[in-house]
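Structure, as structure tokens:
The values are calculated or read from the model by the stated rules, or taken from the named source; none is laboratory data. The structure presented is a predicted model; accordingly, all values stated were derived computationally and were not measured. Cβ atoms come from the backbone with ideal geometry, glycine included; neighbour counts cover every protein chain shown. Accessible surface is based on the protein model in full, side chains and every heavy atom, while ligands, DNA and RNA are left aside. Shrake-Rupley method; radii C 1.70, N 1.55, O 1.52, S 1.80 Å.
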Amino acid sequence: STIATSSHTARTILHSNSINRASSADLADTNQSSKTMTAQDILKSARLRYAANSEYFIENLYVFEWESDILYKTKSGIYHELEIKVSKSDFKADFKKKRKHEILRTGGCFGNYWNTNWMKMQRPNDFAYIIPSDLVEKVRELIPEYAGLYEVTDNNFISEVIKPPKLHDERISDA
């Protein structure tokens, strides 16, 4: 499969048949001793965990009405979106994107429009924030009911803090 994008909408697109396996350099780059974790560090950790088992692992791409930091599709057709946040202010700023959060919360569906394939793909199957572990207690109570939360430790381990709820059950095919 091929995904066509312009260079300004995506920095990286990885297909499962052409994924570069994580190297020890990738691990060393994200294995920090300080508590300062960057978005790039989180992205590398997510790539290590999710890319190899995904049909698609897409970074910084407009698929919905917003830019997804990470969007990956399982081989069974389920789309998972991860939003990277590195500080409490960064996290809070995400909620200024009112339309994005309305669509995530409600599906943005009105009347009979939900029956169209386009409307089904207005949002991922689930949505979660992925943050440094030292940020968890600062934002845990701010996570909306339609979102999950993952933490990344200083040694690249990703764990689920709040399970992302299903936003819908539709499986989207490339056909």
Please specify each residue of segment 42-65 satisfying the condition of being closer than 19 Å to PRO165 by Cβ and either among the hydrophobic types (A, V, I, L, M, F, W, C) or touching a helix residue (DSSP H, G or I) at 6+ places or on another chain (Cβ under 9 Å) (or both). PHE64
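How about segment 38-47: which of its residues are in contact (Cβ under 8 Å) with a residue 60 or more places away in the chain and surrounded by 21 or more Cβ atoms within 10 Å (Cβ to Cβ)?
Once the filter is applied, which keeps residues that are in contact (Cβ under 8 Å) with a residue 60 or more places away in the chain and surrounded by 21 or more Cβ atoms within 10 Å (Cβ to Cβ), segment 38-47 yields ILE42, SER45, ALA46.
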Residues that are closer than 24 Å to GLY107 by Cα and buried (at least 17 other Cβ atoms within 10 Å of the Cβ), drawn from segment 144-160: TYR146, ALA147, GLY148, LEU149, TYR150
Helices (runs of 4 or more DSSP H) wholly inside segment 95-151 containing at least 2 residues that are under 21 Å from GLU67 (Cα atoms) and either among the β-branched types (Val, Ile, Thr) or at pLDDT 95 or above (or both): 98-106
Taking TYR72, is it at pLDDT 90 or above and open to solvent by less than 50 Å² (accessible area, probe 1.4 Å)? yes
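Inside segment 48-62, can you point out the residues that are outside any strand (DSSP E or B) and open to solvent by less than 60 Å² (accessible area, probe 1.4 Å)? Break it down stepwise before answering.
Taking segment 48-62 and keeping what is outside any strand (DSSP E or B), we get 48-55.
Once the filter is applied, which keeps residues that are outside any strand (DSSP E or B) and open to solvent by less than 60 Å² (accessible area, probe 1.4 Å), segment 48-62 yields LEU48, TYR50, ALA51, ALA52, SER54, GLU55.
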